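A quick write-up on the structure given underneath.
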Amino acid sequence: MAIDFNTLTMGEIARIEKLGGVPVSTFASGNVPLGAPMAALALVLKNREDKAYTWNDAQSLTFPEVAAILGTDTDDTDTTADATALETREDAPALEE
């Protein structure tokens, strides 16, 4: 399962970019540092179901734990976000860096 960035709110995207230190648009390249960006994604997704989940909680996760939260812990060995998930809808404005 790939991360579907189209389901993220603008606030969630801004939070991921702020905490992760990289634009969300760089996730498609596969050349993204893993630590902060992955923790930021995990935090945002966990906060949807648990508002008490903290940045420190997300930073204490192992890679397999983050993969499980992000839904990338399938049989597929590629742990990067699916590039097609970053494609924007025709009516959506393009992301600027």
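Overview of values
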| quantity | calculated |
| --- | --- |
| q = 0.12, 0.14, 0.23 Å⁻¹: log10 I(q)/I(0) that the Debye formula gives for region 9-75, counting C-alpha atoms only | -0.27, -0.37, -1.02 |
| Zone of ASP4's modelled label, taken as backbone nitrogen in region 33-57 under 20 Å from a point 7 Å along Cα→Cβ | 41-50 |
| Inter-label distance, nm, simple model (7 Å from Cα along the C-beta direction), ASN56/LYS18 | 1.9 |
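Only the coordinates and a few stated rules stand behind these numbers; no lab work does. Small disclaimer: the values here were computed from a predicted structure and weren't measured. Glycine gets a Cβ as well: all are built from the backbone with ideal geometry, and neighbour counts include every protein chain shown.
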